[in-house]
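See structure below.
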Amino acid sequence: MHYKSKALNIVKDLQDAASFTTYFSASEAALSTPHLYISALATWAGNELLTEWKSQFRFLPLIEGYKMETPLLILKSDFMVTSIAFSPDGTQIVSGSLNYIQVWDALTGKQVLELQGHTDQVSSVAFSPDGKQIVSGSYDNSIRMWDALTGKQVQELQSHTGSVLSVAFSFNGMKIVSGSFKSIQVWDALTGKKVLELQGHTDWVASVAFSPDGMQILSGSYDNSIQMWDALTGKQVQELQGHTGSVLSVAFSPDGKQIVSGSYDNSIQMWNALTGKQVLELQGHTCVVASVAFSPDGKQIVSGSYDNSIRMWDALTGKQVLELQGHTRLVASVAFSPDGTQIVSGSSDCSVQVWDALTNKHVQELQGHTGSVLSVAFSPNGMQIMSGSYDNSVRIWNALIGKQVQELQGPTGSVLSVAFSPDGKQIVSQSYDNFLRVWDALTGKHILKLQGHTDWVASVAFSPDGMQILSGSYDNSIQMWDALTGKQVQELQGHTGSVLSVAFSPDGKQIVSGSYDNSIQMWNALTGKQVLELQGHTCVVASVAFSPDGKQIVSGSYDNSIRMWDALTGKQVQELQGHTGSVLSVAFSLDGKQIVSGSYDNSIQMWDALTGKHILKLQGHIDPVTSVAFSPDGTQIASGSFDNSVRVWDAMTSKQGQELQDHTDTVTSVAFSPDGILHGTESKGQPFQQQPEIINFPWYSTSDGWILSSSHHKHLMWVPHNILKVLHHPRNTLIISQYGSLSLDLSQSKLGTKWIECYTL
């Protein structure tokens, strides 16, 4: 027994080592110096062996029992993910979406292949046991087999007269089983010929599975029953009754002795595969259980539900072990990796998320708005982001760490637009209460209230010298205000529809506006007279902006297009096509070389301003993108959305750096301030600001685990996500010295006394 126990401990140690290696190698730290590996290992939440070893590190924070129940990887798809599966070796993930299949690298999260061929939604996908083939079922009534290496279609299996809801390989890879309306069909995987048809269900068959020995087939149906079949003869062996709703998912345990099922009745049930009797009922989900699976060792069960959660259960006792929260919409599919160390989940929020089954780690997401985000903007120095939302708030965020700095209170209606003064000292916001408000950006105090519009104010902007404020309204007018006194200077009349967007030229001499009347108009800022009318858009013009040199104008429209115009002649220069929904916001980078756009199709796209070529597509928002802005240095993009979030992106790599979540409604507008704090407004009209905690300290931590110096933004060291929150306070002297030297004191450890010289500030 002693040797058996020792062997089990070795297995656990190896599993933990594999989990750590996978996590570490997927991070930036994998390319760094060896001591970062040691620092990560020292702070890894591992088993008893690592815990004993870590006891040598006297100055590390105590984090025993701390867990972050969030994903390790998030893979973004353009549409709802209906089905997912790991490859047998665990290196790849396959997912089914609208009418195509995507194959991902499970380590890096990068898409490897896209399989095109189905003409309707893909409902189910699976790898063959040798990993060389992929099988898929679709609403187009077909089953298709693909080469997993090249992505080429190998064959198409046609026989079903209705949508194919589920497909599975036998454990030897020789057969395929599929479920459709009232029928189950068995196919020869080599020839593609139909071998058997199993009849018995009285409604759609939602899930099918082979027993581990390949002798039986299991099926779950909309008729609320689970049926077991002889895989050789096709005869029904037994029927399992107990669910009071449609059975959407069934699975055998690895030893074939147990069955688990998930149902529309919100429950998970476990059955004895030999007798067909119910053994356990797992209660916890508050909505439909769409997918269930056993871990490879049969000791755990994972489930995905329409309540947006993933839950893990003890297969012996039926008790819930974990709840994994991260998806923002229903979870349609879940699966364990072959080694049991990871869980993959697919959701209608268009993402595939990968979770560490041992430590439950995730990339960080910061949420706050409770309503749609309608406007975003960077401060002039890129240190802040401002956002406005339907939840009536304007919020200011630290652009580096994603923390809310301040919330500006005052508006009584949804905030549609926000803007910084050129020096970053003031903020102007507008809301559904028809007023404009001016705020002190540092203190968040209300300074002025501008009254004059007779309907909602849709857009605001400061003049380049900060002396005037411009506003466009649903009352069809544009008004100019004195920024010091709040008095109206002049009113510009000419549009026959609501004015949705206004902007000053860089020299402050001209004004451009976009309207519901489908036109763009240019005005003399001194006299208020109309100079040009730009015609070309076939629908509402939602957003306009001048290039930094003032020579061009960019516009976004409900006709799904972005157009560029010559600011001198008013002639259209080029048309940028790519969005599949209304373009709600456009902006130039500060050097004028790039354009960013946000759309009703939930995407952000970046374009080359000279050639008009598409550069990047940023996916992450799950609802329309209402506002976009470049940081002053052009390295970041901020976006606000109907999904209530503000997100910050790396403009070079298209990676999402942070998600700022504090708004309680649509975020209408965001902007960066000169000092780099992120500001914004919610639709309930409440501005916000928050002072960054790290502003006077020599280091700060990022959401991906890096600790950087505040002065030069150098990468000092990397730490695992599970202790990142412990480090968020620079005064923490357990791991950081009281002088903020960013050096680990490991002089008492077995690593020696020279560690401190490896990497210092």
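Overview of results
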item	result
Kirkwood Rh, Cα atoms: Rg over Rh of segment 444-532	0.95
For segment 440-579: relative contact order, % (alpha-carbon pairs under 8 angstrom, 6 or more apart)	14 percent
Distant-in-sequence amide H partners of Gln510 (H built 1.01 Å from N, under 5 Å)	Ser505, Ala525
Cβ-placed point charges (K, R +1; D, E -1), dipole of segment 75-152 about Cα centre in debye, nearest 20	60 debye
Cα convex hull volume per residue for segment 143-228 (Å³)	90 Å³
Simple Cβ-charge dipole of segment 86-245, Lys/Arg +1 and Asp/Glu -1, about Cα centre, in debye nearest 20	180 debye
Inter-centroid distance (Cα atoms) of segment 507-536 relative to segment 95-173, Å	53 Å
Projected area, mean over directions - segment 546-656, Cα convex hull, nm²	6.0 nm²
Probe 1.4 Å - accessible area at Leu248, Å² to nearest ten	20 Å²
Positive-pole candidate from Asn141, Gly192, Phe181, dipole of segment 129-217, charges at beta carbon	Gly192
Solvent exposure, largest accessible area first (probe 1.4 Å, DNA, RNA and ligands not counted), of Glu323, Glu114	Glu114, Glu323
Area of Asp349 that stays accessible when all protein chains are in place (1.4 Å probe, Å², to 10)	10 Å²
For segment 489-539, convex hull of alpha carbons as volume per residue, Å³	76 Å³
Links that overshoot a 18 Å alpha carbon limit, given the list Lys152/Lys194; Lys194/Lys235; Lys509/Lys529; Lys182/Lys235; Lys449/Lys487	Lys152/Lys194
Heavy atoms of Cys287: accessible area, 1.4 Å probe, square angstrom to 10	50 Å²
Formal net charge of residues neighbouring Gln158 (Cβ-Cβ distance under 13 Å; K, R +1; D, E -1)	+1
Cα-based Rg / Dmax (Å) for segment 217-320	12.7, 40
Karplus (6.51, -1.76, 1.60) ³J(HN,Hα), θ = phi - 60°, over segment 595-603, in Hz, Gly and Pro reported as x	10, 10, 9, x, 9, 5, 7, 6, 10
Proximal charge balance of Val344 [Cβ under 13 Å; K/R count +1, D/E count -1]	-3
Distance from segment 629-646 to segment 234-304 (C-alpha centre basis), Å	44 Å
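The values are calculated or read from the model by the stated rules, or taken from the named source; none is laboratory data. Everything quoted here is computed from the prediction, not taken from an experiment. Please note: Cβ atoms are built from the backbone with ideal geometry, for glycine as well, and neighbour counts cover all protein chains shown. Only protein heavy atoms, including side chains, enter the accessible area calculation; ligands, DNA and RNA are left aside. Shrake-Rupley method; radii C 1.70, N 1.55, O 1.52, S 1.80 Å.
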